[in-house]
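The values are calculated or read from the model by the stated rules, or taken from the named source; none is laboratory data. Only a predicted model underlies this, so the values are computations on that prediction, with no experimental measurement involved. Neighbour counts run over all protein chains shown; Cβ positions are idealised from the backbone, glycine included. Side chains included, ligands, DNA and RNA excluded: accessible areas come from the protein's heavy atoms. Shrake-Rupley method; radii C 1.70, N 1.55, O 1.52, S 1.80 Å.
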Amino acid sequence: MKAVESARILVVEDNRDTSALLRDLLEAEGYQVESAATGEAAFEMLERAPDIDLIVLDLMLPGMSGYDVIERLGGLPHLTEIPVLVLSALASASARIRGLREGADDYMTKPFLPEELVARARTLVTTRLLRRRTREIAALGQIAQAALTAASPDLLLHRMVEIATEVLDADAGLILLVDERRQELRVRAAVGLGDTVAGMAMPLATGTAGEAMMTREPILIPDGAASDPRVTNPVLRREGFRSLMVAPLVIGGAPLGVIEMARRALRIDPRADRPLRIVADRVAVAIEQARLESEARELADVVRRIGEGVVVADADDRIVFANHAFLDMVGAPESETLRDRVWTEFLSTAQDVAAIAGQVRQGSFQGEVLMIRRSGEPRPVLVTVSTVGRPDGQGAQRIGVFRDVSQEHELRFRVIREQKFRTLGSLAAGVAHNINNRLTPVLGWTEMLLERLAAGEAIDRDELAHALTVINQGASDSVGTVRRLQEYSRPNRLRGPEAVQLREVVEQLLALTRPQWDNEAARRGIRYEIDLRMDPAPPVLAVASEIREALLNILENALAAMERGGRLAIHVRGEGDRALVSVSDTGKGMSEEVKRLAFEPFFTTRGSEGGTGLGLSLAQEIVQRYGGAVALESREAVGTTFTLSFPALAVEAAGTAVFLPVIEPMRILAVEDEPEVLDVLRAVLSHAGHLVVTAASGREALALFEAETIDLVVTDLGMPGMTGLALAVELKRRRQVPVILLTGWAEELDDKNGAPVDVVVAKPFTRERLLEALARAVPDRVR
């Protein structure tokens, strides 16, 4: 019986006669036979050509023994599946058991019957081939599954490359698809090559890819691929791959592109042609199926949203189709098609155009933008734009759906603004109460110390230190309270999402709002018990002020639900890869109908009490904006629990160590119209070793700047006659000098957005922050 497939067998035998006999027997069965006289020689052959289907191994070899060969095979992943038939003169039971235990698949003793050897070899080879076929069939199943479940064409292509790389034992793989418009092959997915091939394109009809597409046949380069002139892919040549397989992706006789598989150190067996053809055929079918499904989804989406403004545009955003709703939205007559107009021309700002273009290149965009009608009237619109393949497969196109939200927009923001003003009013009362409490010991200790100093009374050092500590703490607490109110009333719109600890958000929110709750509860003769639990929780990616606003809306609902007082429990914790904060109350709870409508905009059960119905809706919108979710549990007459859940940041950035920089002495011009602040500024800078020249106005500063040699200027922002920014412009016009700006609204400025200053420092400042600002302004003077 001849072998079904020409399998390759390696005979490792040091006896020439026995080796020749084995070769004759196995070649007579149709096998390809390679021979090695030692274990070392066998591994040299396997390194060059590892695609062996059976090893017939003698145990008593010169140098490396047969047992050593078996052990080494087991430690090499790409060789461990090769079956081993031991053929040895060692006939004892212990020798056979050791050989099988070491990893041999079968054991025969010399002398042997030729028919038995051939039968056992055929069994092992057949098992090896069946495993290979099983692996190929499993790969086809994986390709079919990926075609059904991939979320996008790009993810599908990437999965195809992963499967092909695995089944063909390759180190790297690529799928390149034809771009007819540009007449080139473009890399759409790659594995094992890092980011070096992203977006790479090659001309059609060149190199191995062009040859494979033209002949519709695979191309195998078993060795020397990196130097083969047919290989024109620069990445494959640069990476020094040893062998290469290229197969065309063909549907209906037309090539879609190619799939390329490369190995770094191993040769490719010519028998890889068969599995390569099978995989390439299945990949091509999956790509075509994904394209057809994409077209079907596109059509269904357009039909479903036809009542909204709908635009179909090409890859350059030129309109191919616009329905009547979109024409009305932009103020164009129905007789006008807008064909070949760029639809982004109707957006109000270049920032909107850039934001949409950046996200559409990655697949899709969804968000609110401002469109301008031909009459000049602005109109807020909710836009969803997706990039999909064209029905004819020639490139990509955009599908845009537009919904006019101008009326909702106006009503929503009016209500939000009124709600925020009411909230700020109540917060201001709590802040005043808080600051009064903090300033009471400050004023008390200050008056007492001044009186005792005026009377010439000696003050104990420990008592003085205690008094100064109380004064410093009271002032710092007051600053923190004011800052929290500033952040709430005018959050920094320039800062994007960053690592936020929910524990800190909750603590800041309670510090800002709890005094007002306590005052209101005392006025009504009730009491709120606060149960605060802070368990370890990972940071989340968000804007802290927005998370505070979401929590404030939920806390206000919880307190309103406890009309006769009760217990408010806040629990921060981490669960798996999520960070959670729960807010529970012992109020009146919600019915099933109220729970169903709780997050609907403008739904409220407190309309007579001034409720707007937007608090929970806004809270949910903020949480979902950062990939989170809000869960609601409630029972009537028992209470309600809201749980905010956010995805955790994978890594929390380590904090930077605080240090006081040592700076070479400088001549500094300090400009401040408040004498007390100017005095502190002069004292801090002088104590740091600098010579300080002071001015109370911008005009006085300019005169001193002309008369003195000034190394650096520190100026206040708000001064009569000339602001700090105007002074900085005039100073730098006369001579380039570093300028540090002091202001109570540092968040409104950014020393990187074109302001004529080098560093912005928020008031009130500490000595550490001021010296750190000096180091940033003149880094070449830092020792």
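If you count Lys pairs in the chain whose Cα atoms are under 26 Å apart, skipping same-chain pairs closer than 8 places in sequence, the total is 7. Scalar couplings 3J(HN,Hα) for the range 776-782, obtained by applying the Karplus form with A = 6.51, B = -1.76, C = 1.60 to θ = phi - 60°, are 5, 6, 10, x, 6, 9, 7 Hz; x denotes Gly and Pro.
Can you figure out the FRET efficiency of residue 186 with residue 223, using R₀ = 41 Å and their beta-carbon distance, to the nearest 0.05? E(calc), rounded to 0.05, equals 0.90.
Scanning residues 5 or more positions from residue 744 or on other chains, those with amide H under 5 Å from its amide H are 763, with H placed 1.01 Å from N in the peptide plane.
With a simple spin-label model that places each label point 7 Å from the Cα along the Cα-to-Cβ direction, the separation between residue 534 and residue 726 comes to 4.6 nm.
Placing a label point 7 Å from the Cα of residue 667 along the Cα-to-Cβ direction, the residues of the range 677-717 whose backbone N falls under 14 Å from that point are 690-694, 703-713. So if we plug the beta-carbon distance of residue 374 and residue 507 into 1/(1 + (r/R0)^6) with R0 = 51 Å, what FRET efficiency do we get, rounded to 0.05? It comes to 0.45. Element breakdown for the chain at a 1.4 angstrom probe: carbon and sulfur atoms account for 53% of the accessible area. The simple spin-label model puts a point 7 Å past each Cα toward its Cβ; for residue 109 and residue 683 those points are separated by 10.2 nm. Per residue, the accessible area of the chain comes to 50 Å² when a 1.4 Å probe rolls over the protein heavy atoms.
Across the range 63-72, coupling constants 3J(HN,Hα) worked out from phi with the 6.51/-1.76/1.60 Karplus curve, θ = phi - 60°, read x, 5, 6, x, 4, 5, 4, 4, 5, 5 Hz, and Gly and Pro carry x. Distance between the 7 Å Cα→Cβ label points at residue 782 and residue 138: 5.6 nm.
Within the chain, all pairs of alpha-carbon atoms sorted by distance into 10 Å bins from zero give the percentages 2, 9, 13, 14, 15, 14, 12, 10, 7, 3, 1, 0, 0. For the range 24-86 versus the range 312-333, the inter-centroid distance based on Cα atoms is 69 Å.
Pull out a ≥ b ≥ c, the square roots of the eigenvalues of the alpha-carbon gyration tensor of the range 1-87, then state rounded if a/c is under 1.5, prolate if not and a/b is larger than b/c, and oblate in the remaining case. Walk me through the numbers before you get to the answer.
Details: a/c = 1.99, a/b = 1.23, b/c = 1.61.
It is oblate, given that a/c is not under 1.5 and a/b is not larger than b/c.
Note on residue 20 and residue 91: with the Förster distance fixed at 30 Å, the Cβ-Cβ geometry gives a FRET efficiency of about 0.85. Accessible surface of residue 324, taken over heavy atoms with a 1.4 Å probe and every protein chain present, rounds to 110 Å².
The HN-Hα couplings worked out from phi for the range 367-375 by the Karplus form 6.51 cos²θ - 1.76 cosθ + 1.60 (θ = phi - 60°) are x, 8, 9, 10, 9, 10, 6, 4, 6 Hz, whole numbers, x standing for Gly and Pro. Sorted on the mean count of surrounding Cβ atoms within 10 Å across their residues, most packed first, peptides 511-518, 709-716 read 709-716, 511-518.
Computed extension gain for residue 45 through residue 520, at 0.36 nm per residue and net of the alpha carbon distance, reaches 162.3 nm. Residue 109 contributes about 40 Å² of solvent-accessible surface, heavy atoms of the protein only, 1.4 Å probe.
The length gained on full extension between residue 709 and residue 149, counted as 0.36 nm times the residue separation minus their Cα-Cα distance, comes to 194.4 nm. Under 5 Å from the amide H of residue 34 lie the amide H atoms of 9, 10, 11, each residue being 5 or more positions distant or on a separate chain, with H modelled from the backbone and absent for Pro and chain starts. Amide H contacts for residue 323 (H built 1.01 Å from N in the peptide plane; partners 5 or more residues away or on another chain; cut-off under 5 Å): 310.
Considering helices alone, the calculated mean residue ellipticity of the chain at 222 nm is -14500 deg cm²/dmol, with DSSP H runs of length four and up weighted by -39500 (n - 2.57) and normalised per residue.
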